[in-house]
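Student: One structure, pasted below without further comment.
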Amino acid sequence: MRFKKLIVFLLIIAIFTSICGGIFSINATESEDDYIDFPSEYEDEGPPETETNDVNAASSDGFTVASTGVLAGRVIFLDPGHGPATSPGSGNYVEHVRMYHLATEIKSRLEALGAKVHNTRYNGINHNITLQSRSAWVNRTTLENIRDMPNNTHTSAQISEINELIGIMDRVYQNPETDARTYLNYPFSASRVIHPSLQRVFEYQNHPLIRNNYMLISLHSNATASGSDGGVRGAEAYYISPSEFLNTRTYWPNYSFSTESRNLGDIILNHIHNVSLNGQNIPRRGNGLRPENLFIIREINIPAVLVENGFHTNATDRSLLMNDTYISMLADAYVSSIISYFDALPLFFIPRPVPPPQLFTKNVSFNGTPISGATVHINGQTLVTNANGDVSIMLPGESNHSYIVQAGNVYFREHGSVYIGLTDTAASVSLTRIDTTQIGQFVMRLYDTALGRRHDDVGLHSWANSLRSGGGTGASVAHGFFFSNEFKQRNLTNEAFVDTLYSVMLNRKPDENGRAHWLSLLNSWTPREVVFAGFANSAEFNRISSEYNISAGSFTASVNSNTFYQPSRAEVEPFVRRLYTEALLRDPDSYGLDTWVTRLINGATGTSIAHGFVFSVEMNNKNLTDEGFVEMLYRALLGRKYDSYGRTSWITRLENGMTREEVFYGFTSSPEFGQICTKHWIRR
């Protein structure tokens, strides 16, 4: 869809990993339904390049989120099919060239959104690599990441077994013509059952890390058995499903992700169908979804599909696949598909175990002399030092605990060396009186402009001392204000947010071009933390900070931050309730409400959640007229009654052939809907 393309170009952020498998071909039967370029079990795409072994370099964990972006933490294997040794084609069309071009376009977009992406033909457009090596690479990478998950519960025996399996997959990768005959179904035999070692690989891959964070997409184009046009065209997606395909059930009946793979294929085909260039598109070929026993999806156990992006033996499909503009649009469609697929799957990670509370003793002194009667504010409690200057407190968890010390009317240092989990839990602080002449003015501006109120003494001196001691920087302190709960509760519009950044961070009014630039990013779903980072890392902020005698520091937006990606239930629940009452015209049931709210908290977009309501079976059963459909969108998505001009405009578009889904995306792409998402702290 045109809207989906726009989304992808405007989303600005981060990393992810992608790799996929190969394809071969055997003759189809005479039935038109069987004019398929079925991957042959006997194709050999040649040995990998001997001078380059990228197995180690390709490792990616899928749980270490090192960047921002809607796809940060997701790992994607892209597999542009074939290679020059075996590439099918028709006329000037060469499959391995065009699919490599498509994979490159997809990869760059995914990485800009934070995904970690692997390309199985990593050595370039003319890289030959066997299917055996591709699947072994995927298996090795996933095993390494499962083994290396932080705080996992693997026993030493399991770790040893995983390492042994990694070694086996490495040998298959290096020696695909020999070791693959032992461990993989190569050459293919319909009666063969899975090797016990590969079975153990599959059993380890049956893990939430793989289900939620990983996928493989193998990219191909199709051909009729005869190589003639025959009017046969369209896109198809193949997935593994033992319950639907007998040969697969014989080999291994317990593939873990058939449902996820089918869903991924369905989403991709819908998006391919909606890519139109000069009035032409490549539609789904019939249902388009086919369970199959294909090598690259059979010899791995992760969510995976093999997609035939059209028939290169068909003149219309071929002309589109030869067109670079169409390939660019198709890449956008794939990225939108991947975003939609992952929207329903919260990013998997393993939280660190929390140790039991420990007794912490703190000593307060001034110029080497213990201070009795000083107050220590820590973990929500206020304690008073004894005659020796000591306070003791039980502190929970393995984490830092901030504290403030007050002696008389002077506030001193925050953020001492209170770290529970270390061997030595005792700590002391020598107090130094703070001069807040310039530093205090910087902090006061944050209170006055960012929070819109006068400072409180404890907070002022706490932040000021943090800056003076070097524990905080201008960027980190400003971030503490801009992304505090108090600031979030102001519910500023994007315009007000940008204006406040200029006032606080740059000490001036916004210039017209700069303001327009930042607003264009925010209105295109760029997280506020990313925009804040632009100000915090600017030369102008560095100069302003030096004027206040503080270190500007720097700031990198983190996807783990609760400031944007993990809103509270109270913030997102009204968004979901309005969809129930205004779209479905009923009160929410508790299970449904909890499910939708949880998805939003875990990072699903407002658009994807709204789509789930507007195009649900329950909504479809209402049989709304075009007028009723448009009026419902105004109420459910924009929270207001329609305006006459807008209502008439949308109804006219529907009468002229625009689909309801296109109208829906027209609403969700509007600045008004974007502001509603911002209000609820959810991604559009």
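The values are calculated or read from the model by the stated rules, or taken from the named source; none is laboratory data. For clarity, every value in this text was computed on a predicted model and none was experimentally measured. As a convention, Cβ positions derive from the backbone with ideal geometry for all residues, glycine included, and neighbour counts pool all protein chains shown. Surface accessibility is based on the protein's heavy atoms, side chains included, excluding ligands, DNA and RNA. Shrake-Rupley method; radii C 1.70, N 1.55, O 1.52, S 1.80 Å.
Student: What's the ranking of 131-140, 281-290 by average number of surrounding C-beta atoms within 10 Å, highest first?
Tutor: Ranked from most to least packed, the peptides come out as 131-140, 281-290.
Student: Hey, what do the phi angles of region 104-116 turn into as Karplus ³J(HN,Hα) couplings, whole Hz, using 6.51/-1.76/1.60 and θ = phi - 60°, x for Gly and Pro?
Tutor: My calculation for region 104-116 gives 5, 5, 5, 4, 5, 5, 4, 5, 5, 9, x, 6, 9 Hz in order.
Student: Continuing with the same structure: Of the listed peptides 463-474, 269-280, what is their order by residue-averaged count of other C-beta atoms within 10 Å, with the highest listed first?
Tutor: Output ranking for 463-474, 269-280: 463-474, 269-280.
Student: While we're looking at this one, here's another question. Got a sec? Charge dipole of region 538-684, +1 on Cβ for Lys and Arg, -1 for Asp and Glu; which of G666, H680, S616 is way out at the positive end?
Tutor: H680
Student: Can you give the alpha-carbon Rg of region 570-684 over 2.2 N^0.38 Å, where N counts its residues?
Tutor: After normalising by residue count via 2.2 N^0.38 Å, the value is 1.02.
Student: 7 Å from Cα along Cα→Cβ at both S616 and N323: what's the point-to-point distance in nm?
Tutor: Label at S616, label at N323, 3.9 nm between them.
Student: Over all alpha-carbon pairs of region 71-113, lay out the pair-distance distribution in 10 Å bins, whole %, shortest bin first.
Tutor: Result returned by the calculation: 27, 42, 22, 8, 0.
Student: Same structure, new question: Heavy atoms only, probe 1.4 Å: what % of the accessible area of region 484-642 goes to carbon and sulfur, would you let me know?
Tutor: 48
Student: Under the classification rounded if a/c is under 1.5, otherwise prolate if a/b is larger than b/c and oblate if not, where does region 107-223 fall, given a ≥ b ≥ c as square roots of the Cα gyration tensor eigenvalues?
Tutor: Verdict is oblate for region 107-223.
Student: Would you mind classifying region 176-234 by shape? Square roots of the alpha carbon gyration tensor eigenvalues, ordered a ≥ b ≥ c; an a/c under 1.5 is rounded, otherwise it is prolate if a/b is larger than b/c and oblate if not.
Tutor: Since a/c reaches 1.5 but b/c is at least a/b, the shape of region 176-234 is classed as oblate.
Student: Here is a follow-up. Between N254 and D626, what is the FRET efficiency for a Förster distance of 45 Å, r being their Cβ-Cβ separation, to the nearest 0.05?
Tutor: E between N254 and D626, to the nearest 0.05, is 0.45.
Student: Quick check: from the Cα gyration tensor, does region 472-600 come out rounded (a/c under 1.5), prolate or oblate?
Tutor: Cα axes put region 472-600 in the prolate bin.
Student: If you don't mind, there's one more thing I want to ask. At a probe radius of 1.4 Å, what is the per-residue accessible area of K679, in Å² to the nearest 10?
Tutor: Near enough 120 Å² of accessible area.
Student: Determine the sum of side-chain charges near T625: Lys and Arg each +1, Asp and Glu each -1, restricted to other residues whose C-beta is under 13 angstrom from that of T625.
Tutor: Overall, the nearby charge balance is -1.
Student: If R0 is 30 Å, what FRET efficiency do you get for E486 and T595 from their C-beta distance, rounded to 0.05?
Tutor: 0.50
Student: Accessible surface of Y642 in the full protein assembly, 1.4 angstrom probe, to the nearest 10 Å²?
Tutor: 70
Student: I'd like the accessible area for I194: 1.4 Å probe, protein heavy atoms, all chains in place, Å² to the nearest 10.
Tutor: My reading of the accessible area for I194 is about 20 Å².
Student: Sorted by packing (mean other beta-carbon atoms within 10 Å per residue), highest first, where do 181-187, 159-165 land? Write out the running numbers ahead of the final one.
Tutor: Details: 181-187: 18.7, 159-165: 14.7.
Result, highest mean Cβ count within 10 Å first: 181-187, 159-165.
Student: For the pair Q199 and R640, how long in nm is the line joining their label points, each one 7 Å along Cα→Cβ?
Tutor: Between Q199 and R640, the label points sit 6.4 nm apart.
Student: Hey, what's region 75-211 come to in accessible area per residue, 1.4 Å probe, Å²?
Tutor: With all protein chains present, region 75-211 gives 34 Å² per residue.
Student: When the Karplus curve 6.51 cos²θ - 1.76 cosθ + 1.60 is applied with θ = phi - 60°, which whole-Hz ³J(HN,Hα) does each residue of region 194-210 get, with x for Gly and Pro?
Tutor: Per-residue couplings from phi come out as 4, 5, x, 5, 5, 4, 5, 4, 4, 5, 5, 6, 6, 9, x, 4, 6 Hz.
Student: Can you tell me how much longer the chain between E661 and A570 gets when fully stretched, taken as 0.36 nm per residue apart minus their C-alpha distance, in nm with one decimal?
Tutor: Once the chain is fully extended between E661 and A570, it gains 29.8 nm.
Student: Using each residue's phi in region 567-580, evaluate 6.51 cos²θ - 1.76 cosθ + 1.60 at θ = phi - 60° and report the 3J(HN,Hα) Karplus result to the nearest Hz, with x for Gly and Pro.
Tutor: Coupling constants for region 567-580: x, 7, 4, 4, 7, 9, 4, x, 4, 5, 4, 5, 5, 5 Hz.
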